[in-house]
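Bear in mind that the values in this text are calculations on the coordinates, not laboratory data. Bear in mind the structure is a predicted one, so any value in this text is a computation, not a measurement. Glycine also receives a Cβ, built like all others from the backbone with ideal geometry; neighbour counts cover every protein chain displayed.
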Amino acid sequence: MAEYTINDVREITHRRKRTIKISGLLAALLMLSLVFYAKPEPVYEAEVSLKIEKVTTVGDILIGTVRPGDHIATASIMISSFPVLRVVAQKAGLIPAELQPDEILRSQDYMAVIKNLEKSITAEADKHGSNILIVKTQDNKPAMAKKLAELVAASYREAAYYERNQSVLNEIKIVDDQATKSRDQLTAAREKLNEFRKSLELTTVTDEQQVILARYVERKNIIDNLGFKIARINDSLATMRQEINPEEDTRWVFVPGGANNESGGVQSALNSALKDLRVKEKGLLHHYTPNHPEVVAIREQKNAIIKQFIVDLEAEKKRYADESKAVEKDLIETYAKLKGVPDAAKTYDLLVREVEANEALFNKILMKQQEVEVRKAELVEDVTIARYPVLPQVPITRIAFIGNLVVSLILAVIIGFIAGFIHEALDTVPRKLDVLAETFGVPIMTSLTMWNRSEGMELIRNRYPGLRIDEALRYLSLPAHFLADSTLAEEYRAVVPNLLLTARENDIRTLAVMSATKGEGVTTCAANLAIVLAQAGRSVALVDADFQAPKLHTMFGIDRNPGLSDVVMGSEDWDISIRRITDLMLGEIPARHLLAPPGLDNLYILTGGNRVDNPANFINSQRMKDLIGSLRDFFDFVIIDTSAILETSETSILAEKIDAALLLTEYEKLDRGTLGRFRNHLESLRVKVAGLVINKYKTIAPILTDKENLHSDILISVRNYLENLRWKVTGLIAKIGKKNLS
């Protein structure tokens, strides 16, 4: 597993900042969209505090009603019990107030309301260890949350009060009900007695009249009994005549022994047979379907018995009706004989006795009621409201929503950094200089910083005014001479000490600048390297051996012909074809720009010459070998510009004829695979490598604040301004000196 230092993390963060920003932004957008999509509804919470005090009286101790245990824990559980929640739901309008508890228990919808209400209520003891119970209620509306808190507190307070004083309260209720009932009975008895006194006439009743009165009462009782029997038969017939679903069990309900206890043995036998068939049908349905032949046969037998039952009940009903008509006729005759029969003495005596009995009972109940009033003072209230609820203003889900936002942003940043490090791990392009040096197995002589082209062009135009764009680009490609005091020129000069030491130790005089692919800046590096060696006092021959794209003649503003191809072909001698400083002065670059700073008088340039059709055979010739040997003997160094070694074959052939190669690679351009092929190719050719140069190296900018960046930009601008001013003053002094000399 890779180990990263703080500097490594800093470099990776700077290098992969685009990946980090894009990944973090996408992750932030995705997470924020999920957070807003799953945003919870606003939930408001109201809080009420109840004070729980368990008061124990002497009466509780004597009758054994003292209950040990944690009263706070018991109260927290009882608050969410069904009796309390039922009252809260009915008072809050969630359940109709007229419903009884058993009706609510049988309804799934109402029980769902109770369950939801239970989930919205929490009760917990005070954290400070006091006897305070904190009850919290939640709802989507703040007013409803407060109302629920008030109702829960009031309902539990009433329930606890009733449970604590249940015996006394029940006794008070019973005594009050009995007192009311006894008062009503006494009042009614007195009113009857007073009314009877007003219409009282003293009469006597004979024995014959007493017999008639008894007969009237008897006949009336018989008619009432017959009417009750007929009503029972009508109910049985209505039940039997209902339609029966053959898929369901029969719904007939019969009186044991028959529809009527006085019905005879026929109906009892039918009822018993019907019961047996029902039991047998249930047994068969455990094994067969309702359409099985045996089940269908039993159902047909049941229907036949039911039809017979209906016929018998109709006959019995007719008999009772005829008997009732006969008794009614006799009752009418008896009632006619009762007219005018006085019973005042008997009635008066009964009414007086009834009033006396009611008065005695009422007086006894009044004494009991007085005893109960005394016991009311012993009622105890264990629950009181310590803090009433207030209307909540901020939903509790808001805190969770803000927390989700913060967590989402933090995760987005983490995901961005993870994506950046994954990108770094999957990237095959080496970023560290020590990794590049380890890949080739040679030290890095210098790293050439990548310049800002616009700033370089501005600097060139300030030093050399009046240049065209192509001329300014030519000057910019040779900073070792035209920008001799620049940082890039110093980076080229940094190669000289190491190169001289290596050349002296290994007898290196012919040096080819090589790269793996084209476009890595071999020509520019070779030209500037030759210039800094010439400035160091060494005679240097710069040879353009890039037959694919020769550029040295364009860079120095001289003619392409004659050149290397002409010398190797034998049409020209190398000492005639090679360009000196005098040739450069006659070229496109003004002489005054070539003389300062000094050093170009030690530089000799052999251009590419005419184009050849087969560069590989051309370089592989004996004349090419002899030419390189002659140049090696005459000059201190021979710097050869070559084409890409992995794309052309002529560079590989040239590698056999030189002392060493200076490898050049552009920073962050080639992956490890290409660099490995480059190294393996050089090893197969057994090329001696003098060193490695990194081109277009990107320095990692320090992480500065906006104020520090502003100060850095100001310092760079001031430095450039002072440098341009120095060149202008130098030019002005030179002009004044020329005028004085003239």
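Here is how the numbers come out for the structure above:
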| quantity | calculated |
| --- | --- |
| Neighbour-count ranking [beta-carbon atoms within 10 angstrom, fewest first] of Trp451, Trp574 | Trp451, Trp574 |
| Local electrostatic count, Asp601, Cβ distance below 14 Å [Lys/Arg +1, Asp/Glu -1] | +1 |
| Förster-model FRET efficiency, 45 Å R0, Leu473 and Leu32, C-beta, rounded to 0.05 | 0.40 |
| The range 438-514: trypsin sites (Lys or Arg not before Pro) falling in loop per DSSP and having at most 12 other Cβ within 10 Å | Arg468 |
| Summed residue charge, Cβ within 11 Å of Tyr667's Cβ, Lys/Arg positive, Asp/Glu negative | +2 |
| Least to most buried among Asp583, Asp109 (fewest other Cβ within 10 Å first) | Asp109, Asp583 |
| Mean shadow area of the range 433-700, taken as a quarter of the surface of its Cα convex hull (nm²) | 13.4 |
| Counted charge near Ser81, where neighbours are those whose Cβ lies closer than 12 Å (Asp, Glu -1; Lys, Arg +1) | -1 |
| Gain upon complete extension [Leu732, Thr180; 0.36 nm per residue less C-alpha separation] | 185.7 nm |
| Met514, Met624, Met457 arranged by Cβ crowding within 10 Å, fewest neighbours leading | Met457, Met624, Met514 |
| The range 479-535-the range 605-671 distance, computed between alpha-carbon centres (Å) | 16 |
